[in-house]
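Just below is one structure, and these are the notes that go with it.
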Amino acid sequence: MIKLYRHALSGHAHRVELFLSLLDLEYELVDVDLMAGAHKDADFLKMHPFGQVPVLDDNGVVLWDSNGILVYLARTYGGEAWSLGSAQDEAAIQGWLSIAAGPIAAGPASARLVTVFGANLDHDVAKTRATALFETMDKILDGQSYLIGEKVSIADVAAYTYIAHAPEGGVVLDPYPNIQSWISRIEALPNFVGMQKTPLNDAA
């Protein structure tokens, strides 16, 4: 059985959970109590030396870093439907994984960290970064269904969660119709599973 060590409100963990579900794989969710510091326990640090979620244990193959896990799952279990494709396609996917680790993390993810978790980050800067990102993404998605074209890929899985939950960080999606349509397409995929929502009014 595949085990996913996660926190229910972690977008990084959710992107792995979402992909496991889209692949229709059997898996067990293991909740890690971040508030109690469980991610810094000695046993957990043996799996992830930086003490973060998610961690994937695929029958003894232990992996961390959500984007790296997506690549592993696509190559191991994705088949033709989730193939990384040609060298050009794979390069495009890797570019979006970098966006997920860069502008998405620094923009909508950081804005949400402030409102949901009380992180000591500059909320206005994070929201400004998110807006700049969304303006570019909305143009990219004009006339295409997914981030690298007409085929869904792990690029979309990596980007989805923090963008769909951007309003929880005070970043509105109303000005971006192409992003909203893209979100709807992701949520319509077979076996889609969402992340627990945090109402903005309760989080702020």
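The values are calculated or read from the model by the stated rules, or taken from the named source; none is laboratory data. Predicted model, so just to flag it, every value in this text is computed and none were measured. SASA here: full protein model, heavy atoms, side chains in, ligands and nucleic acids out. Shrake-Rupley method; radii C 1.70, N 1.55, O 1.52, S 1.80 Å.
Only Cα pairs under 8 Å and 6+ residues apart enter the sum, and on that basis the relative contact order of the range 18-125 stands at 12 percent. Whenever you get a sec, compute what percent of the accessible area on the range 62-114 sits on carbon and sulfur atoms (1.4 Å probe). Carbon plus sulfur share of accessible area: 57 percent. For R185, tell me the accessible area in Å² from a 1.4 Å probe, rounded to the nearest 10. Using a 1.4 Å probe on the heavy atoms, I get roughly 70 Å². Summarise the accessible area of the range 116-182 (1.4 Å probe, protein heavy atoms) by the percent that is carbon and sulfur. So the carbon and sulfur contribution to the accessible surface is 48 percent.
Return a whole-number percent for the relative contact order of the range 83-204, with Cα pairs under 8 Å and 6 or more residues apart as the contact set. Spell out each step's value before the answer.
Values: 145 pairs, mean separation 37.3, N = 122.
RCO, the range 83-204: 31 percent.
Here the Karplus relation 6.51 cos²θ - 1.76 cosθ + 1.60, evaluated at θ = phi - 60°, turns the backbone of the range 159-173 into coupling constants of 8, 4, 4, 5, 6, 4, 9, 4, x, 5, x, x, 10, 7, 9 Hz, with x for every Gly and Pro.
Phi-derived couplings, Karplus 6.51 cos²θ - 1.76 cosθ + 1.60 at θ = phi - 60°, listed residue by residue for the range 132-141: 4, 4, 5, 4, 6, 4, 5, 5, 4, 7 Hz, with x used for Gly and Pro.
Roll a 1.4 Å probe over the protein chains and send me the accessible area per residue for the range 29-150 in Å². Working shown, then result.
Numbers: 6260 Å² over 122 residues.
For the range 29-150, the solvent-accessible area averages 51 Å² per residue.
Between E135 and D174, what length in nm is gained on full extension when 0.36 nm per residue of separation is reduced by their alpha carbon distance? Don't jump to the answer; show the numbers that get you there.
Values: separation 39, 0.36 × 39 = 14.04 nm, distance 1.15 nm.
Roughly 12.9 nm would be gained on extension.
Applied to the range 104-118, the Karplus parametrisation 6.51 cos²θ - 1.76 cosθ + 1.60 on θ = phi - 60° returns per-residue 3J(HN,Hα) values of 5, 5, 7, x, x, 5, 5, 4, 6, 4, 5, 7, 8, 10, x Hz, with x for Gly and Pro. Take every Cα pair under 8 Å whose residues are at least 6 apart in sequence, average their separation, divide by the length of the chain, and the relative contact order is 23 percent.
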